[in-house]
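Student: Can you keep this structure in mind? I'll have questions shortly.
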Amino acid sequence: MSSKQKKLVIVGGGFAGVTLAKKLERSMPSNWDIYLLCKTNFITYNPLLPEVIGASILPGHVQAPVRLILKRTRIRMVTVDNIDYEARTVYYHNDCQSSLQFDQIVLAAGVKANTSMLTGLQQHSLPLKTVGDALRIRNQVIERLEQATIHPDPQRRKQLTTFIVLGGGFSGVETAGELEDFLVSAQRFYKNVSRQDCKIVLIHSTDRLLPELSTKLSHITEKNFAKRGISVRLNERAQEIRAEKVILKSGEVIEGATIICTIGTTAHPFLNSPNLPCERGRVLTNNDMSVGGPDGVWALGDCALVPNLKTGQLCPPTAQFADRQAKVLAKNITAKLAGKPTNAFSYTPQGMLASIGHNKAVAEIYGMRFTGLIGFMLWRGVYLMKVPTLARKVRLFLEWNWAMFFPPDIAHLGYKQSDEE
């Protein structure tokens, strides 16, 4: 590497960070090296995690190795410990402690699950944030069915097959819908477990599900869930989580052997810096996604609060906005390096979609509303286009078609080594 080479470091290998790196590979001057620091060497398409729970798709279909996507970028699979903005150095570790100096840095680290927001949440619930979380939930659902089919007590069987989902946003609704589909398909293989024994309770703190969508689509979702036997508890907040039970603020106790948490996120520790303007654990940026304070610092994606000039509001933490932010920021960074003015982020979202299970979805695209099978086909089409790499698109398309004609995979995925009991 020439001594004249400069370094741009991207912290975070999620959707925002990888998309940004891919765009910068085409536009950054040759005297700049691009580094991507990430905990894993793959990108996960999180909107499809509920389908991993429901065994509709395999885990590999929602992941793509970053090294297959990026060519010029130097990738380091590490955990970032601290960032010294004055010394312009990132400190990290993997096999050993190390550091990397930078001339420009982009914070695209996303957020992590906040398992400490409620008493007992970490000990007694299953978060949904990673593929590992989805597989763990899937394994526990299958394990509960296996336990229930051999348990002699009918009341205990009902408790084992009661599943509580916290949060009625996109992740919570899609998880509840996928889980209900899985239970309907898998139940026939467990002779002592009746469909009436299996119950899903969805707890949400506001007066309707999917508050990001229109009131009409929220009510359609609620009616669909009621028809399928999914119990929706609106305007309810969990106060404490105990073993196999959720205690609401009203004092009511809801019992269920499996508690799935789709709420609550928190910032990574290295973002808690007095040099960064932060609100609610996220980095506040200027209109062009630069960060006020230290020079040469940018932020985007879920870890950032980016103003949207089009709406006058802050951008929501969704993959759609992360993708567009990455494209705009790539242009802003190259413009800044060339001494040209940057542009404010301004974007009108194309729409939002949510799968509600049973081959149905609700969607709002360019102001038009779609429900049922048409909404479901649109949902699949949109996400198929957004999944990284052609190989993943083909595999996902084939798996979706396979799942339409064959029962779900009910294998309990064990990871015990051969010398374990």
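The values are calculated or read from the model by the stated rules, or taken from the named source; none is laboratory data. Predicted model only: the values in this text are computed from it and were never measured. Virtual Cβ from ideal backbone geometry, glycine too; neighbours counted across all protein chains shown.
Student: Within segment 261-293, how many residues turn out to be on the phi > 0 side of the Ramachandran plot and touching a helix residue (DSSP H, G or I) at 6+ places or on another chain (Cβ under 9 Å)?
Tutor: Selection size over segment 261-293: 3.
Student: OK, next. Considering (1) out of contact with any strand residue (DSSP E or B) (no Cβ under 8 Å at 6 or more places or on another chain); (2) farther than 27 Å from residue 302 by Cβ; (3) among the β-branched types (Val, Ile, Thr), say which one residue 247 fails and leave the rest.
Tutor: Here residue 247 meets the rest and fails (1).
Student: Which of the residues that make up segment 86-111 are under 27 Å from the mean Cα position of the chain (by Cα), surrounded by fewer than 16 Cβ atoms within 10 Å (Cβ to Cβ) and outside any strand (DSSP E or B)?
Tutor: Answer for segment 86-111, where residues must be under 27 Å from the mean Cα position of the chain (by Cα), surrounded by fewer than 16 Cβ atoms within 10 Å (Cβ to Cβ) and outside any strand (DSSP E or B): just 94.
Student: Given the options 118, 135, name the one that is of a type outside the set (Lys, Arg) and crowded, with 19+ Cβ neighbours inside 10 Å.
Tutor: 118
Student: Spot the failing condition for residue 110; the list is (1) on the phi > 0 side of the Ramachandran plot; (2) out of contact with any Ser or Thr (no Cβ under 9 Å at 6 or more places or on another chain), and only one is missed.
Tutor: For residue 110, the exception is condition (2).
Student: Which of the strands (runs of 3 or more DSSP E) found entirely inside segment 299-397 contain at least 1 residues meeting this: within 30 Å of residue 182 (Cβ to Cβ) and of a type in the set (Ser, Thr, Tyr)?
Tutor: Once the strands (runs of 3 or more DSSP E) in segment 299-397 are filtered for at least 1 residues that are within 30 Å of residue 182 (Cβ to Cβ) and of a type in the set (Ser, Thr, Tyr), what remains is 351-357.
Student: Name every residue in segment 158-171 that is in a helix (DSSP H, G or I) and surrounded by fewer than 24 Cβ atoms within 10 Å (Cβ to Cβ), in order of residue number.
Tutor: If the condition is that a residue be in a helix (DSSP H, G or I) and surrounded by fewer than 24 Cβ atoms within 10 Å (Cβ to Cβ), then 158, 159, 170, 171 are the ones that fit.
Student: Regarding residue 222, is this residue out of contact with any Ser or Thr (no Cβ under 8 Å at 6 or more places or on another chain) and under 22 Å from residue 355 (Cα atoms)?
Tutor: Yes, satisfied.
Student: Considering each residue of segment 1-22, count those that are among the charged types (D, E, K, R) and crowded, with 18+ Cβ neighbours inside 10 Å, and give that number.
Tutor: Looking only at that region, the number is 2.
Student: Could you please give the count of residues in segment 158-211 that are of a type outside the set (Val, Ile, Thr) and either over 23 Å from residue 129 (Cβ atoms) or not assigned by TED's automatic domain parsing to the domain that holds residue 245 (or both)?
Tutor: Result for segment 158-211: 19.
Student: Going by the structure shown, is residue 40 surrounded by fewer than 18 Cβ atoms within 10 Å (Cβ to Cβ), modelled with pLDDT of 90 or more and in contact with a His (Cβ under 7 Å, 6 or more places away or on another chain)?
Tutor: So residue 40 fails the test.
Student: Moving on. Name, by its number, the condition in (1) under 18 Å from residue 143 (Cβ atoms); (2) touching a Cys at 6+ places or on another chain (Cβ under 9 Å); (3) at pLDDT 95 or above that does not hold for residue 187.
Tutor: Of the numbered conditions (1) under 18 Å from residue 143 (Cβ atoms); (2) touching a Cys at 6+ places or on another chain (Cβ under 9 Å); (3) at pLDDT 95 or above, the odd one out for residue 187 is (3).
Student: Residues in segment 63-79: is at least one among the small types (Gly, Ala, Ser), under 17 Å from the mean Cα position of the chain (by Cα) and at pLDDT below 95?
Tutor: Yes, some residue in segment 63-79 is among the small types (Gly, Ala, Ser), under 17 Å from the mean Cα position of the chain (by Cα) and at pLDDT below 95.
Student: Could you pull out the residue among 22, 71 that is outside any helix (DSSP H, G or I) and of a type in the set (Lys, Arg)? Even if it seems obvious, please write down each step before you answer.
Tutor: On the way: 22 fails: outside any helix (DSSP H, G or I).
Selected residue: 71, the only one of 22, 71 that is outside any helix (DSSP H, G or I) and of a type in the set (Lys, Arg).
Student: State which residue pairs qualify: first residue on the phi > 0 side of the Ramachandran plot and inside segment 384-409, second residue in a helix (DSSP H, G or I) and surrounded by 15 or more Cβ atoms within 10 Å (Cβ to Cβ) in any location, beta carbons under 8 Å apart, and separation of 6 or more residues or different chains.
Tutor: Correct list of pairs: 389/69.
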